[in-house]
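Structure record follows, encoded as structure tokens.
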Amino acid sequence: MGFFDILDILGTMAFAISGALMAIKREMDLFGIFIVAFVTALGGGVLRDIFIGNTPVWWMENFYVVHFVSISVLLAILFRNRIYFLTKSLFLFDTIGLAIFSISGVQIGVSANLDPAVSVVLGIMTGCFGGVIRDILCNEIPIIFRKEIYALASLAGALCFIILDSLNFDKNISYISTILLVVLIRVLAVRFGIGLPTYSIKKK
């Protein structure tokens, strides 16, 4: 198992925990918690694989990832009060998952010899759309559609990875640099309240 595989597992568990905590916040039962955790962890990757015609989708041929989702759900339930307090509304796990899955999507696009721009889109899709499905199931406006810097952090990470890869940097350095960039952007954006402008229609 290589460093990339370890990152993929960590990203899966991070997103699964964020999904489980969101479901717990909504007071769902055990089945609901598992389903939300499952789609959060794997939903973006499923959409990516369908778009590029990679079927059966990744998790079906690597079923062990479901075991990691199950472990994550169990951990989230057992330590829900402590984890929820420490993560400040799921921020930590969601950011880690975003960073790692953005890399995962780009890496798959690069490995398939797709255009760099397409690989970047795959990175954003993999990083963001599991969270979109999670928020919809939990009756929330997806964070990607709000003013928070979320998709832009994924975009920055995807571009960073593409650039470092094109310059033949060591893969591990590219992975770590990209993760740190995404996390830094998210942390700074939330810390200083930086976001995209929002628009509304004024009522007469």
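The values are calculated or read from the model by the stated rules, or taken from the named source; none is laboratory data. Bear in mind that the values here come from a model prediction, so they are computed numbers and not experimental data. When we count neighbours, we look across all protein chains shown, and the Cβ atoms used for this are built from the backbone with ideal geometry, even at glycine. Note: areas computed on protein heavy atoms with side chains; ligands, DNA, RNA excluded. Shrake-Rupley method; radii C 1.70, N 1.55, O 1.52, S 1.80 Å.
Given Cβ point charges of +1 (Lys, Arg) and -1 (Asp, Glu) and nothing else, what value in debye, to the nearest 20, does the dipole of the range 1-123 about its Cα centre take? Intermediate values should be presented prior to the final figure.
Details: 6 positive and 8 negative charges, 97 e Å.
Its charge dipole is roughly 460 debye.
Averaged per residue, what accessible surface does the range 1-43 expose to a 1.4 Å probe, in Å²? Can you show the working numbers first?
Numbers: 1790 Å² over 43 residues.
Value returned for the range 1-43: 42 Å² of accessible area per residue.
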Under a GNM of the chain (C-alpha, springs under 10 Å), which listed residue has the highest mean-square fluctuation: Phe91, Phe15, Phe63?
Phe63
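Size of the dipole of the range 8-68 about the Cα centre, Lys and Arg at +1 and Asp and Glu at -1 on the beta carbon, nothing else charged, in debye to 20?
Values: 3 positive and 5 negative charges, 32 e Å.
In total the dipole reaches around 160 debye.
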Fully extended contour minus Cα-Cα distance, from Asp29 to Ser166, at 0.36 nm per residue:
44.7 nm
Contact order normalised by length for the range 22-132, with contacts defined as Cα pairs under 8 Å and 6 or more residues apart; what percent is it?
33 percent
Run the simple label-point estimate for Lys203 and Met60 please: 7 Å along Cα→C-beta, distance reported in nm.
4.8 nm
Gaussian network model of the chain, Cα within-10 Å springs - most flexible of Gly53, Gly127, Gly43
Gly53
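When the helices in the chain are scored as -39500 (n - 2.57) per DSSP H run of 4 or longer and the sum is shared across all residues, what 222 nm value do you end up with, to the nearest 500 deg cm²/dmol?
-25000 deg cm²/dmol
Percent of accessible area on the chain owned by carbon and sulfur, 1.4 Å probe?
Working: 7540 of 11020 Å².
Accessible surface attributable to carbon and sulfur in the chain totals 68 percent.
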Mind ranking Lys202, Lys25 by accessible surface for me, highest first, 1.4 Å probe?
Lys202, Lys25
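I need the peptides 128-135, 158-165, 191-198 ranked by packing, meaning the mean over residues of other C-beta atoms within 10 angstrom, with the highest value on top. Kindly include the intermediate steps, with their values, before the conclusion.
Values: 128-135: 24.5, 158-165: 20.5, 191-198: 9.5.
By packing density, highest mean first, the sequence is 128-135, 158-165, 191-198.
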Out of Met22, Leu47, Val73, whose Cα points farthest toward the positive end of the dipole of the range 12-93 (charges: +1 Lys, Arg; -1 Asp, Glu; placed on Cβ)?
Met22
Using a 1.4 Å probe, what is the accessible area per residue for the range 139-180, in Å²?
56 Å²
Placing +1 on each Lys and Arg Cβ and -1 on each Asp and Glu Cβ in the range 105-204, then taking the dipole about the Cα centre, the residue among Ala151, Ser200, Val190 whose Cα reaches farthest towards the positive end is Ser200
Across the range 23-31, in residue order, what do the Karplus-derived ³J(HN,Hα) couplings come to in whole Hz, using 6.51 cos²θ - 1.76 cosθ + 1.60 with θ = phi - 60° and x for Gly and Pro?
5, 5, 4, 8, 6, 7, 7, 4, 5
Please find, in a Gaussian network model of the chain (springs between Cα atoms separated by less than 10 Å), the residue of Met22, Met13, Met60 whose mean-square fluctuation is greatest.
Met60
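I need the calculated FRET efficiency for the pair Glu140 and Leu114, taking r as the beta carbon distance and R₀ as 45 Å, to the nearest 0.05.
Working: r = 32 Å, r/R0 = 0.71.
Between Glu140 and Leu114 the formula returns 0.90.
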Once phi is turned into ³J(HN,Hα) by the Karplus curve 6.51 cos²θ - 1.76 cosθ + 1.60 with θ = phi - 60°, what whole-Hz value does each residue of the range 126-138 show in order, with x for glycine and proline?
5, x, 9, 7, x, x, 4, 5, 4, 5, 5, 4, 9
